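Accompanying notes for the structure given below.
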Amino acid sequence: MKYSKVLYLGGAPMVGKTTIAHIIASRLQYGCISTDDIGAGIASVTEPSSHPKFHYMSNLDYREYYVARNTNELILDINNQHDAIWPALLALFKNHSTWDSKTIIEGWALRPSYISKMSGDITGIFLLSDDSLIESRVRSSNFSNGASDPETMIQRYIERSVWFNQLLKEQVAQHGLNALSISTDMKPENIADECMELFYSKQKSITNHWRTT
């Protein structure tokens, strides 16, 4: 089977993007890049005064950041950061789809409104879920351990994640992009299987289009 040189996997926090991307990368012998790591890398070599959108936690512990900021502020912060990081991600897509190595790029900074403007040897999927999946995974994780107010942190994280998941559903439909609906009873290996089928069918349709035009 032939797959695009660059594959992408988007979705809200806690839907399993990283796990699925690593499974697919291992199967295809692709590299794997996280948009979260790109953002963290930019933040590590910049200052809040020059790049405030990458330093939105203002030196707060990540747990206290969610306690201190309300949901609307959390949404504003991540909208600003995703907007600021896109030029760097676009360069990654361009490089890997032309002369660099084959790779899969995953992360929630991949928004349909950005992705829809790209062209080249690129194929991808957005993982969409219902709100209950996101909430159950947030509450079953231990990332709130040590927070001064764990329930407030968890609730605000859930609210922002659910907001983002709904945004993805709307933008995926608007731009006609590939999506896969997942549920709590789906195993990572099975989700990876379905993603790869969608990657392949999309690439096949693009190839057939080139042959007939």
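Taking the criterion of being open to solvent by 50 Å² or more (accessible area, probe 1.4 Å), of a type in the set (Ser, Thr, Tyr) and under 14 Å from residue 4 (Cα atoms), the only residue of segment 116-136 that qualifies is 119. Whenever a residue of segment 19-33 is part of a helix (DSSP H, G or I), its partners that are open to solvent by 70 Å² or more (accessible area, probe 1.4 Å), lying with C-beta atoms within less than 9 angstrom and at least six residues away or across chains, give the pairs 23/189; 28/102. Scanning segment 95-111 for residues that are crowded, with 22+ Cβ neighbours inside 10 Å and in a helix (DSSP H, G or I) gives a single hit, 96. In segment 137-156, the qualifying residues are those that are part of a helix (DSSP H, G or I) and hydroxyl-bearing (Ser, Thr, Tyr), and the one that is farthest from the chain's Cα centre (by Cα) is 152. Within segment 1-46, being under 27 Å from residue 135 (Cβ atoms) and among the basic types (Lys, Arg) holds for one residue alone: 17. Within segment 22-55, the residues that satisfy the criterion of being within 18 Å of residue 1 (Cβ to Cβ), surrounded by 18 or more Cβ atoms within 10 Å (Cβ to Cβ) and of a type in the set (A, V, I, L, M, F, W, C) are 23, 24, 25. Residues in segment 177-192 that are in contact with a helix residue (DSSP H, G or I) (Cβ under 9 Å, 6 or more places away or on another chain) and either without any contact (Cβ under 8 Å) to a residue 60 or more places away in the chain or open to solvent by less than 80 Å² (accessible area, probe 1.4 Å) (or both): 177, 178, 179, 180, 182, 183, 184, 186, 188, 191, 192. For segment 56-81, residues that are open to solvent by 70 Å² or more (accessible area, probe 1.4 Å) and closer than 19 Å to residue 111 by Cα total 2.
Against the conditions (1) of a type in the set (S, T, N, Q); (2) within 19 Å of the chain's Cα centre (by Cα); (3) within 23 Å of residue 156 (Cα to Cα), residue 103 satisfies every one except (3).
The values are calculated or read from the model by the stated rules, or taken from the named source; none is laboratory data. Everything numeric in this text was worked out from a predicted model, so none of it was measured. Note: ideal-geometry Cβ built from the backbone for every residue, glycine included; neighbour counts use all protein chains shown. Ligands, DNA and RNA are stripped out before the accessible areas are found, and what is left, the full protein with its side chains, is counted by its heavy atoms. Shrake-Rupley method; radii C 1.70, N 1.55, O 1.52, S 1.80 Å.
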